[in-house]
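The values are calculated or read from the model by the stated rules, or taken from the named source; none is laboratory data. Here the structure is a predicted model, which means the values were calculated and not measured. No Cβ is skipped: glycine too gets one built from the backbone with ideal geometry, and neighbour counts run over all protein chains shown. These area figures cover heavy atoms from the full protein model, side chains too; ligands, DNA and RNA do not enter into them. Shrake-Rupley method; radii C 1.70, N 1.55, O 1.52, S 1.80 Å.
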Amino acid sequence: MESVPKLCGCKGIRTCLVCENVSEPRQNTNVQVKKPSTVYVFCQTCKNKAWMNSTNHSDHTDGIGDSVDFPGIVLVEDFVTNDEEESIVLEIDSCPWKDSQSGRKKQDYGPKVNFKKRKVNHRPFTGLPCFSQTLVGRMSTVDQLRDFKIVEQCNLEYVPTRGSAIDPHFDDFWLWGERLVTLNLLSNTVLTFTKPTTSEPHENESVCVDVHLPQRSLVIVYGAARFDWMHAIHREDITARRIAITFRELSTEFCDGGTKADIGSELIEIAYRFNGSVVQ
């Protein structure tokens with residue numbers, strides 16, 4: 001019997017516009033997670049606060065208004081130039097993309113990980129790509145990243161025609177460390193944070209914080225924003241092609257003094273060869 005070609009990378013409850021619009025959609029899929037009705041917007045000038053119905057600092061310079069504390073975000077605008085962005089995207093697009101969940105495509109540079117069994121296989125990992133060496137050097141000049149040792153780079157492509165998105169989630173805590181760093185390329189978007197208050201981590205919550213990410217900006221997520229809030233990219237906030245390059249560090253268990261420091265040391269050594277190819 002001839003197999004039916006797979007149209008997208010969705011599986012389980014995840015969907016995208018491609019698989020939602022086929023004549024016989026998959027069963028037991030989820031409804032797209034909607035953004036909560038109460039939206040606060042992170043203020044880069046205030047740094048540790050988000051304000052309701054306020055996208056500009058000038059709207060709340062008097063400190064009056066409905067706000068929530070929101071520490072754990074550093075936003076560096078224009079981290080790369082127009083020419084650098086164009087060059088980086090050309091390098092990325094010269095490598096094969098792999099279909100991923102919810103309308104995304106991805107490229108991975110890092111170890112193969114079984115998070116359920118807590119196993120790390122470094123053998124497929126040949127290092128970060130050559131073009132990232134300049135970015136990594138520049139990141140080391142940012143105060144919050146001076147000791148940031150990268151062991152994984154994930155390139156994600158989002159496009160509106162596929163309904164690309166990523167549901168609210170926490171990045172793994174066992175392997176990945178405190179700081180998540182993402183370079184946002186090709187278009188502006190919004191990173192949305194929600195707090196889980198039930199036993200169902202993907203349930204829609206009533207309050208969220210939007211962090212607006214300008215094109216070519218670098219965002220650092222750490223502290224409370226990393227550990228207490230889930231993050232997501234909603235379908236409605238992808239209005240043009242977007243490439244996100246996310247860099248991850250190791251947790252303390254894999255650093256000096258940790259029980260798996262030997263594995264961590266090997267991963268860092270491999271990463272900083274800067275001659276890696278996409279892990280298939």
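Give the range 104-126 a look and list any residue that's closer than 16 Å to LEU267 by Cα and in a strand (DSSP E or B), or say none. Write out each step before concluding.
Residues of the range 104-126 that are closer than 16 Å to LEU267 by Cα, as a first pass: 108-114, 118-126.
Within the range 104-126, ASP108, TYR109, LYS112, VAL113, ASN114, LYS119, VAL120, ASN121 qualify.
Tally the residues that are within 23 Å of GLU249 (Cβ to Cβ), open to solvent by 70 Å² or more (accessible area, probe 1.4 Å) and not charged (D, E, K, R), restricting the search to the range 83-124.
1
Which one is farthest from CYS8 (Cα to Cα), of the residues in the range 54-75 that are open to solvent by 30 Å² or more (accessible area, probe 1.4 Å) and in contact (Cβ under 8 Å) with a residue 12 or more places away in the chain?
First pass over the range 54-75, keeping only residues open to solvent by 30 Å² or more (accessible area, probe 1.4 Å): 55-59, 61-69, 71.
So of that shortlist, the ones also in contact (Cβ under 8 Å) with a residue 12 or more places away in the chain come out as 55, 57, 65-69, 71.
Details: THR55: 35, HIS57: 41, GLY65: 44, ASP66: 42, SER67: 40, VAL68: 39, ASP69: 39, PRO71: 37 Å.
Once the filter is applied, the top-ranked residue is GLY65.
Inside the range 127-155, can you point out the residues that are part of a loop (DSSP other than H, G, I, E, B), in contact (Cβ under 8 Å) with a residue 60 or more places away in the chain and more than 28 Å from ARG241 (Cα to Cα)? Give the steps one after another, and end with the answer.
Within the range 127-155, the subset part of a loop (DSSP other than H, G, I, E, B) is 127-131, 140-142, 146-151.
Add one more test, that the residue is in contact (Cβ under 8 Å) with a residue 60 or more places away in the chain, and what stays is 127-130, 142, 148-151.
Scanning the range 127-155 gives PHE148, LYS149.
Please state which of the following conditions CYS46 fails to meet, knowing it meets all the rest: (1) under 23 Å from GLY223 (Cβ atoms); (2) at pLDDT below 95; (3) of a type outside the set (Asp, Glu); (4) open to solvent by 50 Å² or more (accessible area, probe 1.4 Å).
The number of the failed condition is (4).
Determine whether the range 28-35 contains at least one residue that is aliphatic (A, V, I, L, M), modelled with pLDDT under 95, out of contact with any Leu (no Cβ under 7 Å at 6 or more places or on another chain) and in a helix (DSSP H, G or I). Reasoning before the result, please.
Here is the first cut: in the range 28-35, the ones aliphatic (A, V, I, L, M) are 31, 33.
So of that shortlist, the ones also modelled with pLDDT under 95 come out as 31, 33.
With the extra rule that they be out of contact with any Leu (no Cβ under 7 Å at 6 or more places or on another chain), the set shrinks to 31, 33.
This time we only want the ones that are in a helix (DSSP H, G or I), so: none.
No, every residue in the range 28-35 fails to be aliphatic (A, V, I, L, M), modelled with pLDDT under 95, out of contact with any Leu (no Cβ under 7 Å at 6 or more places or on another chain) and in a helix (DSSP H, G or I).
Somewhere in the range 238-246, is a residue more than 30 Å from SER94 (Cβ to Cβ) and touching a residue at least 24 places away in the same chain (Cβ under 8 Å)?
Applying the first criterion (more than 30 Å from SER94 (Cβ to Cβ)) to the range 238-246 yields none.
Within the range 238-246 (the criterion being more than 30 Å from SER94 (Cβ to Cβ) and touching a residue at least 24 places away in the same chain (Cβ under 8 Å)), the answer is no, since none of the residues qualifies.
If ASP78 meets every condition in (1) within 23 Å of ASP210 (Cβ to Cβ); (2) charged (D, E, K, R); (3) surrounded by 15 or more Cβ atoms within 10 Å (Cβ to Cβ) apart from one, which number is that one?
The single condition ASP78 does not satisfy is (3).
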